[in-house]
1. For region B:182-196, in order, what is each residue's ³J(HN,Hα) by Karplus, 6.51 cos²θ - 1.76 cosθ + 1.60 with θ = phi - 60°, in whole Hz (x at glycine and Pro)?
2. Rounded to the nearest 0.05, what FRET efficiency is calculated for B:Leu250 and B:Glu128 with R0 set to 41 Å and r the Cβ-Cβ distance?
3. With a cut-off of at most 16 other beta carbons within 10 Å, and DSSP calling the residue loop, which chymotrypsin sites (Phe, Trp or Tyr not before Pro) in region A:45-81 qualify? Please list them.
4. Pairing the Cα long axis of helix A:217-232 with the longest principal axis of chain A, what angle in degrees results, from 0 to 90 and rounded to the nearest 10?
5. In whole Hz and in residue order, list the ³J(HN,Hα) couplings for region B:135-148 that follow from phi through the Karplus curve 6.51 cos²θ - 1.76 cosθ + 1.60, θ = phi - 60°; x for Gly and Pro.
6. Using only helices, what value at 222 nm comes out for the protein assembly as shown when you add -39,500 (n - 2.57) per DSSP H run of length 4 or more and divide by the total residues, to the nearest 500 deg cm²/dmol?
7. Jot down the per residue volume, in cubic angstrom and as a whole number, of the convex hull over the alpha-carbon atoms of region A:1-153.
8. Check the straight Cα-Cα distances from B:Lys89 and name the aspartates and glutamates below 12 Å, setting aside those fewer than 8 residues away within the same chain.
Amino acid sequence: MLWLQLTFTGLQVGALYALTAAGFSLIFGATRVFHFAHGAAFVLAAYVFYWAETSGLGMVAGIVLAALAAMAFGVAMDRLVYAPIQRHEGSFFTVFVASFGIGIAVQNVLGMVFGRSFVTISTGLSRSVKLMDGVYVSPLAWIAVACAGLFFVALLLFLNRTHVGMALRALADSPELIRAYGLDPRRLSSIAFALGSLLVVPSAVITALGSGLNPTLGHHVMLISLAATIVGGIGSIGGALVAGFILGLAENLALVVFESQWTEAVTFAILFLVILLRPAGLFGRHATR
Amino acid sequence: MSAQQDQRRGGAPILEAPILEARGLTTGYGGALVLEDLDITLHEGEVLCLIGHNGAGKSTLMKTLFGLHPAEAGEIRLRGEPVTGADPKSLSKAGIAMVPEGRGIFPSLTVNEIFEMGMWAVGVPEDERAERRDWVFSILPVIAEFRHRRAGTLSGGQAQMVSIGRALLGRPRILLLDEPSIGLAPKLFQDLLAPIRELQQREGLSILLVEQNVREALKISDRVEVMKSGRMIWKGLPEDLADNSKLMALY
């Protein structure tokens, strides 16, 4: 029954990866900014939730504050860091280095404030319930999978049915043409950052309630988001979502064969295989742009 | 020029300001001047064709007139009112539309979505949108046939038609067309521009047309100006240009 247990754990982990990766993919697809600090948005949201919970503000307030913090962080990065660099013809790599630097700074500030060791919030939600002999699933796992489904459907409806959503898809095609249509690419870019950052919140909250937090978690989250974006196909948010699930499942199912320290190697083995066999990713529409 | 204008207006003298006018327009990229002290006047209800070699500054002029590129010096007036420095959105609302060079469409959106977003972008009220769309379909009926298709799958001619259709959705009084025929067969050019000329004459639109395909463009133009190195070097009637063998050989 080990593999069945690991499949359930993998689905929970995969759901969290999927949403975070979808957020990164949304931002990268629409703005072409390599937002490495996306991982920092994740830990920031998680620690804001942790702080709200431990200060007795309650779970709902914690979630709202975490969402506001993540969105404010994303928009601030876009307006105050990326926009000035891009105004001075900053290259892709200048933006990347700036993002990387801020990511590390946020991680260290959180470490100074909350300490570098693992913290977790204990709730009944993370207690495993016996599903059948040898298979235990916590309510949090079901919440994670439901959240991934819900947010993904909402995101798809938003991108396909609303004008702002269409404009975000158009922004990915050509920011120059967006201006000729009378729209402001800067404002759309901020919306992409706000939404992409919002997508880390369910994962951040569920991680804080479940496996626990430490400030360096941002790097792992970022790595997975990046891998899922490439595996899924750059520009395909659905692809990033599916790839997030695949990576979460693979990471856990690999435990049947390998020791736990090999899980990241499994992620990268998948990434390399996809790059070799299907460079455009599983759902990529354009191999090059 | 004025003889033709007078004739069209039944001999009445022209008193009102030109619909679009630029004086002393100067701009460039990173210190290199592309437009230098350029004057251009577009009158109400005319098609003005702008010709010139690559790098003459035609596209930069179009972008500057539509607020996509900043003017370093000079003034742009819309019906006599200064609009220098206005952004594309406010110019769209004031009745200008631009069909940019190249494929003016978003490959990942469907034609319907491009139209819907295009109308939303320039603030067409929601209850008028269906009517506007039908109106554009009545001018360029072929678009209706592929309205559900993703724009990235369209042929060059179809994409250009969608791009022009999108520009018309705001019911502009001034249309800036930047090389609509680029990459199209001459036959397609006529299919594309004949309905636009018809619309222009019916509704008195003013069109500024940049074209490489001079012979075809002259057929639908009222006036021609020739641009070189950021300035206007010749202006006149299409038939005068056609008679001017020296210029015709050049363009």
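The values are calculated or read from the model by the stated rules, or taken from the named source; none is laboratory data. Since the structure is predicted, the reported quantities are computational estimates derived from the model, not experimental observations. Ideal geometry is used to build each Cβ from the backbone, glycine not excepted, and the neighbour counts take in all protein chains shown. For the accessible areas, the whole protein counts, side chains as well, though only heavy atoms, and no ligand, DNA or RNA atoms are used. Shrake-Rupley method; radii C 1.70, N 1.55, O 1.52, S 1.80 Å.
1. 4, x, 9, 5, x, 4, 5, 4, 5, 4, 7, 8, 4, x, 6
2. Between B:Leu250 and B:Glu128 the formula returns 0.35.
3. Those that pass, being in a loop and sparsely packed, number zero.
4. Helix A:217-232 and the main axis of chain A meet at about 70 degrees.
5. 4, 5, 4, 6, 7, 10, x, 4, 4, 4, 5, 10, 5, 8
6. Counting only the DSSP helices, I get -17500 deg cm²/dmol.
7. 137 Å³
8. Those aspartates and glutamates meeting the cut-off are A:Asp184.
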